[in-house]
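Below is one structure; the comments refer to it alone.
Any read-out appearing in this document is the output of simple, stated calculations on the displayed coordinates, not a laboratory observation. As the structure is a computational prediction, the values presented were derived from the model and not from experiment. For neighbour counting, all protein chains shown are included, and Cβ atoms are generated from backbone atoms with ideal geometry for every residue, glycine included.
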Amino acid sequence: MTNELDIFVGNTTLIDEDVYRLWLDGYSVSDAVGLRVRSGILEQTGATAGVLQSDTMDHYRTFHMLERLLHTPPKLLHQLVFQIPPSRQALLIERYYAFDEAFVREVLGKKLSKGTKKDLDDISTKTGVTLKSCRRQFDNFKRVFKVVEEMRGSLAGNIQQHFLLSDRLARDYAAVVFFANNRFETGKKKLQYLTFGDLAFCAELMIQNWTPGAVDSQVDDMDVDLDKEFLQDLKELKVLVADKDLLDLHKSLVCTALRGKLSVFPEMEANFKFIEPCRSDRWPLNDVRLFLNQYSASVHSLDGFRHQALWDRYMVTLRSCLLRMYHD
Amino acid sequence: MPGKLKVKIVAGRHLPVMDRASDLTDAFVEVKFGNTTFKTDVYHKSLNPQWNSEWFKFEVDDEDLQDEPLQITVLDHDTYSANDAIGKVYIDIDPLLYSEAATVISGWFPIYDTIHGIRGEINVVVKVDLFNDLNRFRQSSCGVKFFCTTSIPKCYRAVIIHGFVEELVVNEDPEYQWIDRIRTPRASNEARQRLISLMSGELQRKIGLKVLEMRGNAVVGYLQCFDLEGESGLVVRAIGTACTLDKLSSTAAFLPACNSPSKEMKEIPFNEDPNPNTHSSGPSTPLKNQTYSFSPSKSYSRQSSSSDTDLSLTPKTAPYPQGPRIFLCPSSPSLSSGSPHLKKSCLLSESSLTPHHSSHISPVVLRKSVSFSEELLLAASGMGSGSAGKEGGPFKALLRQQTQSALEQREFPFFTLTAFPPGFLVHVGGVVSARSVKLLDRIHNPDEPETRDAWWAEIRQEIKSHAKALGCHAVVGYSESTSICEEVCILSASGTAAVLNPRFLQDGTVEGCLEQRQEENLPPGCGFCHIPYDELNMPFPAHLTYCYSCRKQKVPDVLFTTIDLPTDATVVGKGCLIQARLCRLKKKAQAEANATAISNLLPFMEYEVHTQLMNKLKLKGMNALFGLRIQITVGENMLMGLASATGVYLTALPTPGGIQIAGKTPNDGSYEQHISHMQKKINDTIAKNKELYEINPPEIPEEIIGSPIPEPRQRSRLLRSQSESSDEVIELDLSHGKKDAFVLEIDDTDAMEDVHSLLTDVPPPSGFYSCNTEIMPGINNWTSEIQMFTSVRVSRLSNINLTNQTLNKNFNDLCENLLKSLYFKLRSMIPCCLCHVNFTVSLPEDELIQITVTAVAITFDKHQAVQTTKTHVEKSLQRASADNEELLQFPLELCTDSLASHPFSPAKEHLESASSNSGIPAAQRATSIDYSSFADRCNSWIELIKLKAQTIRRGSIKTTVSVEKASPLTEGHFRQRSAPACANSTVGVVKMTPLSFIPGAKITKYLGIINMFFIRETTSLREEGGVSGFLHAFIAEVFAMVRAHVAALGGNAVVSYIMKQCVFMENPNKNQAQCLINVSGDAVIFVRESELEIISAQQPIASCQPACSGGEIAT
C-alpha cells in the first residue's frame, strides 16, 4: 500500500527551520531524510522513517511553493495564500538570500551571465556547495543585480527596500552588485587570501566615496558605477609618480617624518609603494598604518600639487582598503 | 424593491501577465448581480490597476439578495480578439442582510480561476441598503441569523429552542448537461460553482422562512451538504435547529470571560421568564391559514422546494391536522434488515433496503401512519409510573408530560446541537442511528425533491421510533450524511436519544416553580446519565446499577452519545480519541444486486464497529463515548466503516470491567500459554492506559446511607434488543446471544487478528492528547496558540489477493500513520491537544482510499494542576446560580480579591509544590495556579466565584485565602509570556478553528455564516507538482479565500469551521485532476482576554491595591 497523495496544510504555514536549511543547502528529499535520521530525531520523537519521509516531502513542497514568492519578497508579505507570522517571513527571506562565503568568492567580480552559470558545476565541485544551492545563490545575485542595476538612490537601501533583507545582508549584496558591475577581478591568485568581508568592506568605502552618488545623490546608477569624472581626474595624480621632482620631494617628506618611528625604515625607503612588498617583508600593521598616514598627509605639504581634494578622496578610501586588506 | 446593493471596485494587485509582449495586463472588471452587469474602465498596462470605480448600484428584491451571489469577474481587455478572463470572486452578501452582523464588506479578495487557481487580488467594497418591508407574504427571510456552531453562540442567550428545520433542493448537475460536451472545463466548473452558490442561497432563504413561521429568529447548528448524484442530479440539503436568540446587550456586563466555553455558558443567565414569547398563540388556536405559497426561484426553474413544508407551516396545530397521513412506502421486500442493538451502548440502528423503489415495479403499499403523539404520551406515562416514585415524586412525571406536549407538535423532535444550556438536557438514552440504501437511477422524477424528501422522512421516522424505544422524546446531536458510489446511495442519520427540559422548548406552559423544584431534585452532574427508559419495561435487557454519583437513580454501565460532554458532567482523568476501523470486501455488482449486497453487509459492519469501539473503550479503562460519529463509505468493491469518538471515564457510571480472552480448545497446553500471554498483554495495556489518562476513580464505599446497595456487578452482556418501532421489521439477531461480550473468544485466526489489532493502537506521544469533541475532558487550561489544519492522504491498495484481513490492516495502518504524522508535525506545540479531530473516508476509485482529517491543535499549560475537586465546586456554582440574588451579591467583592491576588501570585516553584499537595483546599489551589496567561487567571477567578457560591450556600461567611508574598519572578514570567501573544495578533491574521470558541479570547460579534464551494481542475498535473502539489495548493487557496472573506467582513476568526466535502478525482494518464471543496463556518470578531482585561480591570486594581499588601485576605 503506497501513499499516492500525502499533504498537510495548516492555517498558519508550518515552517521547520532545520528542513528549510536542508532545502536551501540543495539536498534531495532522500538525502535530507538521511541527514535528519542521523541527527537523532527519530529517537527524540519516537517517529518512524516513513513519518519523517512524509514530513520532509511536505515541507519541501511548501518551500517549493514559497520559492516563487521569495523571488519578490514584498509579494510574500502581501500574498494571501500562506499565512505566516512576520517574524517567520523575515527568517524565510533572510535565509533564502544568505550565501556561502566559498561560493561568493568564486563568483565575485564575474559577470552574472549565462556563461558564469555554466561554470557553476565546477564551482560546486570546488567549493563543496551543492549545485542546487549554487544555482539559487547565483540566481539571487542576478535577480538582485537586475532589479537595482538602474535604480536611483542608495544601493544598499534599494536592495533592502526591494528584497526586505537585513541591513547587514543588504550591504553584502551591495558589494556583490558593485563588484559584478565593475568586474573587479577578485579571483586572482594574489587576492585569494582576501575574505568576502575584506572585499565587501572595500566595496562599501568605494561606494561611499568613489561613485557618482558620493557627490550627487540624484544621479542614476549613483552607487553602482565608479564616478567616471573621478577616474578621469585620477590621472592628474600620476604627476606624483611621473614628475621626478615631486616624487623625490614627497619621498623625502615622508621619510623625514617617519625616521625613527618605523621598525622597517630601510625597506620603506627602498620600496615606497604598495601592499605586496610590505607583506612579503612582513611589516607590522601599525607601521603600514603610520606609513600610509604620512604618505597621504605629506602630499598636503607639496607645493605645486594642485589636486589636494582629489588626493584626499582617493587616498582616504585607498588607505582604509589597504589597511583592511593588509593581513595574512 | 426592498434593497439596494452598492459595489465599488477599488484596485487590483499582483495580477498575472496576460500580454506576453509587454509583460503587462489591460484589466477591467465586470460586476454582476442577477441579470444586471456593470463594467469598470480598462486600466491599461498594469499588474496593479487602480480602477477606483463609481458605486455600481443594483436595485433588487431581498429574495434575490438572499439567493444570488455577487459575481465579480476580472478580465484582460483585448482589442482584436475576445477578452480573456483572469478570474472571479463570488461574494455572499447574506451577512449584510441582518442588522447585528457586518455592515460593509470591504477588502482584498483573491481572484480565483478554476483552472489556474488564485491569480492576484482585487479590492472591493460592498454595501446594502435594506428598506423595511412588512409584507407578511414575503418570499425572503432576511434577518434570520445562521450559525454553524452547534451550541448557543457566545454572545447570545436562547429564549426558546424551537427545533428541527430541514430543506432540500435539487437541480440538474451542469457537469452532466448536454452542453458540457461542447463547453470548456472552465465554463463547466463555473456553471457548477455558480449553481451551488445559488442553491445554497435559496436553501438558506427557505430554511429562514421555516424559522420565521416557527417564530424563531435564528438557526443554530446549521449544516449544509451537497450530494453529487451524477446523472440524477445535484442535491443541496441542510438541517439545523431553529431558535429564538437574544443578543446579550453588553459583554462588559458579564464576568470576565474565561477560556472554556463551558464556563462562559454558565455566565449566561438563561431566561427564567415563564412567558418569554408574548406573541405565542398557544396550541389551542391553530393557525391554519398560514400556508404560504412558495414559488421556485425565478433565476432557474428546474428545482423546487421540499415537499413537507406543509407540516411546518402549521406549527401550533395537532401533529397531523390533515388527517391520516399517507406514506408512500417502499415496496414488498421492505426489508429492514438487522438491528444489532447493543444493549450496553444503548444503540439502536437499522438498515433498511428498498431496492425496488419505483412504483411501477411492485405494488405500492399505502399505510396509515400511527399517531406519534399518542405513542409518545403512552410511553411517557408508562415511564412515569415506573420510576416516578424514586425520582422525586410526581414532578418528574409532570415534567415529562409537559415536555411531551412541547415536543409532540413537532414532526421531528430533533436538535442539531451538541452542547446545551445548563439544565436543558435531562437524560440521555444512547445513540440512535438509521441507514438506508437507495438506488439513484430509480428516482421517479429526478428533478423534483419529493423522492429524496421521502427518503429522508423515512429515515427520520426510523430515528424517532428508536428514540421512543429508549424512552426518549427527543434526539440531540443529530446529523445526516450520505455516501454515493455510482448509482448506489447510503443515507445515514444518527443522534442521541434524550429527554429534555421543556423550559427552553416552549413558551408559557411551564410554571417557574416546577422547574425550580425539578432542578433542585436533580442530582449534581450525573442526571444526564440516568436511564430515561423504564427499568421494568426496558426496550432491551440492560445491565443497570445505581448511579455512582448520587446513588439514587439507575445508570447503564456504558454510555454512547453523539453530543459533547455536558459541561456539568463529572469525569475522572483525561479523555482520548477512540476509533474503530473496518473494511469489508464486496463483489462488484449492478443495481439491485449491489444494493442488496450492501444492505446485507451494513448490519454486520455496524455490529463490528461497535464491538471494536467497546473493546477499545474497555482497553482505555473508560466507560463513555462522546461525539460518536460512524461513517460508512461505499465503494465499487468494498465498504469502509470508520467510527470516531472521545472516550471518558464518567464518575456516575460503574468502573468498566476488563477484557477476558478465552480459547476454544482448552486442552492444548501451548495454546493455553499463548492465551494467558495475550491476556497479560491486555491487562498491562489497560493498566498503562489508566495511568496515561489519569483514571483513578475515587473508591466509593458500597454502603452509602439512604441508597440501596447496587446489584452485584456482572460483566456486561451483549443482548439482542427488541425494536419498539411499529414497522413490521424483520429482525436480524446479530448479537452474541447469551455470550459474554467481553470474553473475546479466540476460535480462529480472525479473532486473533482482532485482538492483535486492539493492541496495535499506539497512544499519542507524551505531551499530546486528542479528542473529537469541542473540549478535551480533563484539560481546561488552554493557552492561546492554535493551529487548524487539514491533512489528506490517498493510498493505493495492491489489488492482489485482497482479503478482509489485509484490507483491515491497511486501513488501520493508514489511519495510525496519519495520526503519527500529525503528532510529529505538531511536536513544537507540545504540550498540546488535538481537538475536534474529524476523519472522513472516501473511496474515489477501485483501489484508492482517501482520508481527510481536519482538526485544531491547541496548546495548554501543563503547569496548572488539573483540579479534581473542580467539578465538585462547579456543581455548587450551578445550584447557586439558580439563585440570582445570592450571585449578585458578590461579584464586585470577588473581583477585588482575585485581582488582588494576581500581581502577588507566588513564584512558580511554590505553585507547583502547592498544587501537587492534595491536601490543599480548592480555594488555595485556585489562587496558586500559574498566572502566566490571562486565561488561567480567569480560570482562577471562576474558581473563586465557585468557592464563594459554595460558601454562601453553606452559610459560613468567612473563608481565608492565603496569598504568598509578591515575587518579581512571576511578574517577569507573565510579561514574557504575554509579549509573543501580542506579536501574533498583527493586522490581517485570521484564525480558523473547528471549535466554537477561541482559547484565551472572547467572541464579541458574529458576522455571518461562511459557506463556500470551490472547484479546481488541472490539465497539467505533473507541472503542478503531481496530485500532492495540486491538492496542497488548492487547500491553501481555499483557506486563503475563507480568510479573505472573513477579513473583508471585519472579522479576525472563523469558528465552527468545517470542510464538509473534499471530492478528489485524478487521471494521471491524462495528466488531469479535479477537486471540489465545500467549507463553512461562522465569521467572528474576537478580543483577547488580555485586552479585555485592560479595560475592565483598571478600576478594581486601583481600589484594592492597598488592601492586599497584608498578604492574607479575609473575605
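Quick query: amide H of B:F146 versus all other amide H atoms, modeled in the peptide plane; which residues come in under 5 Å with a sequence gap of 5 or more or a different chain?
When sequence neighbours closer than 5 places are left aside, the close amide H contacts are B:V219, B:I1009.
Under a plain spin-label model, where a point goes 7 Å from the Cα along Cα-to-Cβ, how far apart in nm are B:T1004 and B:N637?
Output for this residue pair reads 5.9 nm.
Simple spin-label model, 7 Å along Cα-to-Cβ: B:Y176 to A:T125 in nm?
6.3
For peptide A:8-20, what's the mean number of Cβ atoms from other chains within 10 Å of each residue's Cβ? Present the calculation step by step, with values, prior to reporting the outcome.
Numbers: counts 13, 15, 11, 18, 10, 2, 5, 0, 3, 0, 0, 0, 0.
The mean count of partner-chain Cβ atoms within 10 Å per residue comes to 6.
How would A:R68, A:R135, B:R1088 line up from fewest to most surrounding beta-carbon atoms within 10 angstrom?
Least crowded to most crowded, the residues run A:R68, A:R135, B:R1088.
In peptide B:1038-1047, how many Cβ atoms from other protein chains are near each Cβ within 10 Å, on average?
3
What are the ³J(HN,Hα) values, in whole Hz, obtained from phi via the Karplus relation 6.51 cos²θ - 1.76 cosθ + 1.60 with θ = phi - 60°, for each residue of region A:78-84 in sequence order, with x given for Gly and Pro?
Once θ is set to phi - 60°, the couplings for region A:78-84 become 9, 5, 10, 6, 10, 8, 10 Hz.
How high is the FRET efficiency between A:Q192 and A:S30 when r is their beta carbon distance and R₀ equals 30 Å, given to the nearest 0.05?
E between A:Q192 and A:S30, to the nearest 0.05, is 0.25.
Separation between the A:T2 and B:K4 pseudo-spin-labels, each 7 Å from Cα along Cα→Cβ, expressed in nm?
Calculated label separation equals 6.4 nm.
For B:K39, what residues show an amide H to amide H distance below 5 Å, using hydrogens built from the backbone and excluding near sequence neighbours?
Result for B:K39 returns B:V31.
Apply the Karplus curve 6.51 cos²θ - 1.76 cosθ + 1.60, θ = phi - 60°, to the phi angles in region B:207-219 and return the couplings in whole Hz, x for Gly and Pro.
Once θ is set to phi - 60°, the couplings for region B:207-219 become 5, x, 4, 4, 5, 4, 5, 7, 6, x, 10, 7, 10 Hz.
At a Förster distance of 56 Å, what's the computed FRET efficiency of B:E231 paired with B:S766, Cβ-Cβ distance as r, to 0.05?
Efficiency for this residue pair is about 0.60.
I need the phi-derived Karplus couplings for region A:29-45: 6.51 cos²θ - 1.76 cosθ + 1.60, θ = phi - 60°, integer Hz, Gly and Pro marked x.
Values per residue, Gly and Pro as x: 4, 5, 4, 5, 4, x, 5, 5, 4, 5, 6, x, 5, 5, 5, 5, 9 Hz.
Which FRET efficiency value, to the nearest 0.05, is calculated for B:A187 and B:K688 with the Förster distance at 56 angstrom and r the Cβ-Cβ distance?
Using R0 = 56 Å, I get an efficiency of 0.40.
Mind checking A:36-49 for the average number of partner chain beta-carbons within 10 Å of each residue's beta-carbon?
Whole-number average of other-chain Cβ neighbours for A:36-49 is 2.
Given 5 Å bins starting at zero, what is the percent of C-alpha pairs of region B:131-235 in each, up to the one with the largest pair distance?
It works out to 2, 11, 18, 17, 14, 13, 10, 7, 5, 2, 0, in whole percents.
By count of other Cβ within 10 Å, fewest leading, how are A:H59, B:H610 ordered? Please report the intermediate quantities before stating the final value.
Working: A:H59 22, B:H610 26.
Ranking A:H59, B:H610 by Cβ neighbours within 10 Å, fewest first, gives A:H59, B:H610.
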